[in-house]
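Working notes for the structure below.
The values are calculated or read from the model by the stated rules, or taken from the named source; none is laboratory data. In this text, all values refer to a predicted model and were calculated from it rather than measured experimentally. Cβ sites come from the backbone with ideal geometry, for glycine too, and all protein chains shown count toward neighbours. With ligands, DNA and RNA removed, areas are computed over all heavy atoms of the protein, side chains included. Shrake-Rupley method; radii C 1.70, N 1.55, O 1.52, S 1.80 Å.
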Amino acid sequence: MPTPALLLLIATLLPLASFTILLFIGKRMGTPLAGVLATLAIGGSFVCSMIALMVWLNPSGQYFDPSRQTMIEWGANKNPINLPYQWVPIGPGIQQDHPNFMDVGIYVDSLTIVMFSMITLVATLVHIFSIGYMREDPRFPRFFTYLGLFCFSMLGLVIGGTLLQLFIFWELVGLCSYLLIGFWYEKKSASNAAIKAFITNRVGDFGFLIGFGILFYHLGNVTLPKMWMLLGDAGFGHDITLASGVIFPAGLLTVMGVGLFFGAVGKSAQFPLHVWLPDAMEGPTPVSALIHAATMVAAGVYLVGRIFPILTPGAKLFVAITGVTTLTMAALIALAQTDIKKVLAYSTLSQLGYMILAMGLGSWIGGLFHLITHAFFKALLFLGSGSVIHAAHHEQELPQYGGLIRKIPVTGITFGVAVLAIAGFSIAGWGFSGFYSKDMILAHAGAFGYLAESSGKSSAYWLFFYLPTIIAYVTAFYMTRCWMLTFAGKPRNQHLYDHAREAPIMWAPLVALAVLSVIGGKYLGVSELLQSGIRESTQYCRAVVPKFDGFGTAWPAEATTTTEGAEPTAAASSDIMEKGHELMHHCVGWAWLVGIGLGVIIYWNGYSIAGPLTKFPPVNYVRIWLYRRMYFDELYFSVFVAIVMALSWLSATFDKYIIDGIVNGVGGLVKRTAFLAGWNDRYVVDGAVNGVATLSQELGAAVRAPQTGRIRMYVTVLMVAIGLGLAGAIIVTLSR
Amino acid sequence: MNLLAAAIDRPFIPGWADPANGLRPFAPELWLIVAIVAVLIVPFFTRRSNLACAATALFGLIAALLATMIVGTSDGVVGSHFRGLLVVDPVTVFFKGLLFLFVIGIILMWLCTTSMSMHEGDGPEFFTLLLGATLGMSLMASTSNLLMIFMSVELASLPSYVLAGFRKTHRVGAEASLKYVLFGAVTSSVMVYGLSMLYGLYGTLQVEELAHQMTTGSATSVALLTVAIFGLLIGIGFKISAVPFHFWCPDVFEGASIDVSAFLSVASKGAGLVLLLRILMTLASTAHWHNVPGISLSAVAIVVGVIGSITCTVGNTAAYVQTNIKRLLAYSSIAHAGYMMCALSMLLIGKGAESDLKDPASVATQAILLYLAVYLFMNLGAFTVAGLVYRQTGSEDIRDYRGLGRRSPVLALCMFCCLVSLIGLPPFAGFVAKLNLMWVLFRSGGWWIALIVVIGVNTILSAFYYFRVIRAMYLENSDAPAFFPNPLGLAISGACSVLLVLMLLGWSPLGRMTDYFSHLYFGSATVLVHEQPDMSSATASR
Amino acid sequence: MTTANILAIADQQQAVAAVLFYIFAGISAISALGVVISRNIVRTAVFLLFTLVGVAGLYFLLNAEFLAAVQLVVYAGGTLILIIFGVMLTSKSPFSRFEPKAVEVVIAISVASVIFFALVLAITRTKFAVNPTDFTAYPIDKLGQTLLGDFLVPFEIVSVLLLVVMIGAAYLAKGRRREAD
Amino acid sequence: MEIGLTHFLILAAFLFVCGIASIMLKRNAIGILMGVELILNAANVNLVAFNRFSYGTINGQPVLAGQVFAIFVIVLAAAEAAVALAIFLNFYNNFATIDVERAQNLKG
């Protein structure tokens, strides 16, 4: 096994080892030790990943190319490591020479390496932070047990070489997320949030399974590069004829792509399955930083990155629409939230929307680049908010804060750095990390607009550029609002202010992440590595399919066949990219300044300006609408209630008329409906979780209606079934 | 070694070497009968009769298991014996092996749960009944003669009725056995009526002959044939507890002691499924079905598939509000039987018709065998934990599982593994089994896709109620004291959990084994129409 | 004898057979109806006895003398006695009469009549194989040979079944054990 | 009119239906058992009648499969009745009644 793959495998297994150890003797190890062990394990993973990165960049161990007198180019002429293993024979017989196997495997390219480095780095920092943050929690060892399992699953997801593995680890990270959201299960809201996350993700997974099923049906469980090779032409939107002669219709390809993408919609909390992520903030804050900001929710983007070559134009359009909807909606909702973690949660949604949008528009590098930079500054924001919450004795409401910069300066400053990073701070072409990645996405969006225009598409395609542009301003504004309300102004809760103080062990991760947030865009070479990732994968595929250009198909321009051996790019021709970049520069060049300036002015002194402003009725209505998260939860709940009502009406009818005979009349039915109506009133705002639970419960009541415990009822139902069956069958067969 | 093997596969009479006509193929059954008699005699020589009987029964079952392995793998025993009344084929051998293994597990489970509360002196009766029912089930799996079907179903049922009410002073036990016997008597009598019609239509009791007559003989009434098949389905549906013949199942499982519930949950249903499998297979494998006027196999397939999907839906939804763990597991077992029935419906697809698979029946058989094997372990594990908790707390209420993760972590972990496996989530073999099943349905295409959707939705539904138990164990607190469970019970449930993980990792050997058996059964290799696409020849149409 | 004579005798025999059939069928059908209708469990048992006897008569008509004897000895003589014994053991006066509800009666009658008409329809529309055999031409030992030849396996298994069932029934019926034991 | 197979089958169908009706109507467990016996008798009449009228001989040799089946059904009916009555007795010991309507502790 090649060295990088081996190192990454070790990095994956280390957290599993810590999980296993902690599972059995974690409680005996006690409060600091369990955390230290877990941190050492994930730290080991980080070291392994870094060594793997070094080896990957330069197998020879030399960083200087003496022949050309230059530093060796990033990722030049690498071959991805693709190691498939036959795991399960499916279907065909043992006597066959070559049975159809369900493959598992390891696939390592630059993207894998980048993801590993990012995940292990953020996870290590979060582990260190958690040792301080969770110190007083009685279930301290269990927390680290779960974290270990999570890290293992997340790394396993990234290293997996087939979609099947992706799905397996996908479910595992979902399970960890469920366990960690519900970590403080004594809180009803926490355990409800956990269930909500679980259910919502199942919906997404169902879509994923459908897509997976279609893929599976046509190709079997193939490794990632094989999948790209076989379906690499999906971007053209034609039917694809497989080697076996089976035609894979374009429409089905689109359905498959959308289905697979639905998994990402669930995990990355995209519209319309976004409702779980804000509630997931009920979990401990380090968990929010690690899972619900930096890694797991970004797994959706990673997935789209992996299936990118097999997305048809239709599927890409769907992806882009989802992304743009989410980023707009979430940013608006974030404007009105008062809980510091909710603000960050919606900001996460919005940034994920950007990544998904980038994927949909064909900017593979942009989306994944933003994933990495976002992981740094959003983890920083969450850890910062954790520090604030820790200092404020678990008070999370912005109106209770104010002026905290004087008490917790390190947190305040690092948080400020993160705000600048997410706002896209830049001067003279140099900026914090968020600037580079977001600009790349927006520039591509601009180029996309021009391309759409030139290929005669509707002008609505320009929305993919203008909405994110506007939201760039909004982002800077709401993040500034969050910072100002927390750290600036006069203390609004004197008691809280007096007792606030920082824990030193939490500084190190904050500072480290702050540094990464500053330099992550330009100096770590992330985008170069990603660029080389495309090149590697493309070259690997071209060894078999000479015309492969799965990562580079520009759309919505009409499909053009690429020439053999052309340099693969993620974008269209360079002049259109230039035009897009120029347009972006005009539109959002100073967005960070406008947003931050406006935020600073309005929230200069707490709510003194913003308060009266929102009293103005139209603004207030909008504020309430946004504050209540556009009523999505209520909408979903009403739909559930409608279904439940219909079902219970059916079951009541069944119960009353068929089972008990007509004897009891409609009284019971009326009573039941009335009861349900009352129930509806009482619980209608209690979240969609209850809805699902009740749905199953009512369904259960319906099917259990005959299970009255009366043997004669059983026999009667049986006999009626026999009678109907017999009579029906006989009549049908006789009438032929 | 050879001597031992000879002793086991030719019990008590030397010289039964003739594999074609001798009793040798039925050495496992003979060992069971020996054990039944021995269990009745042993108490006269010992004072601790319960334990002695358990040991005797264990010995008999182990001998039967070994005999199954030896006889089943030797040449020349496959085929029908005793004028077609009993058959030995790979599916039978596989199922018998599973069954005996499972009953051994049940007896071990009995030792650490119910045996403590059983009166000294009741052991002989208990084990006579248990072994008798086991004998019935193993015969159910190895016959395709109408009379023998009836006999073996009765032999499996009658002792089970008594077992359900074995705790005589328990009111729920008495009620459970009353419901069981009434329901069973009604369904079996209707079945006999149906069988008599089958005999009347074709004049034979052999299912193969019958299938042959159906397709080649003179056209008789399809209406009466429907009646007859209906009757047969009712009798077997009762054993499988398919909707609407499932009513007894939750009540009996709740009322019976936990080892009996566990026994019925796998053994009885498995035997019914294998019986149904053989009948459907025999019907389907007879050629020229399109010659039969007015009735098509696909209609029967649709009926089986629809019953299967209704069964799993009913099982899963009804389980949702249960508070009694045994009742919950009862509904869950209904659901799992439903999943397997869904795959059974595939047996009836004609070769190559509307399907990508050249031999869907063999693939479906493989999926069912694998599911059964995995299901056995997850159910045994879950029931054992439930039994241990019952012994400790005297309660079967899910509320008494609160805080189990703290009170008895290893036990809770075993339960967790089994439940997650029952849902069908990845780290456990339940995932393998379900995925395999769904995959088979998927490959067969056509309206079987709808069954996949049903199974998928059901998997989501089932997650809710299994998670209720998990949630109670890990996310809720209680003041109940911590306890250390019986080590034997812990060993059983732990072994089941570990096996579930190993089966996932060893998916390949497991798949190969079941594949091997199903192929032996069908006597030929099957080839998938879709070959693994070749890397070098991928082309795209423009 | 002339052929006309033989025919006449055959006719006569057929007429006798028809009369006997209607008598036995009437007995069993009417008493089966009685089983359904009767409210008193003891009376129900008596009706069942008549049904069983009627069916035994039908077996005679069908040349199944051995079966008829078995029916009378095992069924009417054994099983029914067992049932009546059960009735005696369990019927202490107030519980021996249970009235069904009107709704239940309606459902039962409708289900029963639907099934009956469906069955009759199916039976009358079916052409069964015709190969009447006069079993009086064969001695009864044929039956014994079949039982111990073709059907040896079920014959043996039934012995195990009866053993197991006997043990089980005896266990349950041997009286309630005191909780204190 | 000559008495043929159909007559016996219709009588059996009638017995079958009576059995079903009494199973549905009786609240006494023993009554339900009697209904079951009726159905078994119906099946037996079918079997014997088929044997007599349709499948009595093959190649001139008598074949008694139907009758033998009927004998086994009778034996099994007796066994079933024994088990069922023991269970009823056990139920009676626990509940002091054999009204099946009283067996309602297990439900849902």
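What to note about this one:
- Solvent-accessible area of residue A:581 with every protein chain in place, 1.4 Å probe, in Å² to the nearest 10: 80
- Once C-alpha pairs closer than 8 Å and six or more residues apart are averaged by separation and normalised to the residue number of the stretch D:5-96, the relative contact order reads 26 percent.
- FRET efficiency estimate (nearest 0.05) - Cβ-Cβ, residue C:106 to residue D:96, R0 41 angstrom: 0.85
- Residue-averaged 222 nm ellipticity for the protein assembly as shown, from DSSP H runs of 4+ at -39500 (n - 2.57), nearest 500: -23000 deg cm²/dmol
- Among C:144, C:168, C:78, residue whose mean-square fluctuation peaks in a GNM of chain C (springs only between Cα atoms under 10 Å): C:168
- Chains B and C together, accessible area buried on both sides, 1.4 angstrom probe, square angstrom: 2900
- Applying 1/(1 + (r/R0)^6) with R0 = 56 Å to the Cβ-Cβ distance of residue C:156 and residue A:137 gives a FRET efficiency near 0.25.
- List of the stretch B:184-214 residues, accessible area with partners at least 40 Å² below that of the chain alone (1.4 Å probe): B:185, B:186, B:189, B:190, B:192, B:193, B:196, B:197, B:199, B:200, B:205
- Taking all protein chains as shown and a probe of 1.4 angstrom, residue B:503 keeps an accessible surface of around 20 Å².
- For chain B, relative contact order (Cα pairs under 8 Å, six or more residues apart, normalised by length) works out to 13 percent.
- Peptide B:113-122 has a mean shielding of 1, counted as Cβ atoms of other protein chains within 10 Å of each residue's Cβ.
- Remark: spin-label model distance residue D:59-residue B:482 equals 7.7 nm, labels positioned 7 Å along the Cα→Cβ axis.
- Working from label points 7 Å from Cα in the Cα-to-Cβ sense, the residue B:46 to residue A:13 distance is 4.6 nm.
- For chymotrypsin sites (Phe, Trp or Tyr not before Pro), the sites in the stretch A:462-538 that DSSP calls loop and that have at most 14 other Cβ atoms within 10 Å are A:523.
- Residue among D:59, D:28, D:46 with the largest mean-square fluctuation in a Gaussian network model of chain D, springs linking Cα atoms under 10 Å: D:59
- Only alpha carbons enter this Debye calculation for the protein assembly as shown, each as an equal point scatterer, and the log10 of I(q)/I(0) it gives at q = 0.04, 0.05, 0.06, 0.08 Å⁻¹ is -0.31, -0.47, -0.66, -1.05.
- Charges were assigned to the Cβ only: +1 to each Lys and Arg, -1 to each Asp and Glu. The resulting dipole of chain D about its Cα centre is roughly 180 debye.
- Inter-label distance, nm, simple model (7 Å from Cα along the C-beta direction), residue A:731/residue A:608: 8.4
- As a fraction of the 1.4 Å probe accessible area of the protein assembly as shown, surface on carbon and sulfur atoms comes out at 67 percent.
- Buried accessible area, chains C and A (both chains, 1.4 Å probe, Å² to nearest 100): 900
- Gain on full stretching of the segment that runs from residue B:302 to residue B:116 - 0.36 nm per residue minus C-alpha separation: 62.2 nm
- Between B and D, roughly 3600 Å² of accessible area is buried in total, ligands, DNA and RNA not counted and the probe set to 1.4 Å.
- In the full protein context, the protein assembly as shown carries 33 Å² of accessible surface per residue, based on a 1.4 Å probe and ignoring ligands, DNA and RNA.
- The residue among B:470, B:504, B:340 whose Cα reaches farthest toward the positive pole of the charge dipole of the stretch B:296-528, with charges on the beta-carbon of Lys, Arg, Asp and Glu, is B:470.
- Restricting the stretch A:180-240 to trypsin sites (Lys or Arg not before Pro) in coil, as DSSP defines it, with at most 15 other Cβ within 10 Å: A:187
- Counted residue by residue at 0.36 nm each, then reduced by the alpha carbon distance between them, the extension gain from residue C:65 to residue C:88 reaches 5.1 nm.
- Spin-label proximity, residue B:5 to the stretch B:62-93 - amide N less than 20 Å from point 7 Å beyond Cα toward beta carbon: B:62-79, B:89-90, B:93
- Using a probe of 1.4 Å on the protein chains alone, the accessible area found for residue D:107 is around 110 Å².
- Calculated FRET efficiency, residue B:502 to residue A:25, Cβ-Cβ distance, R0 = 22 Å: about 0.45 to the nearest 0.05.
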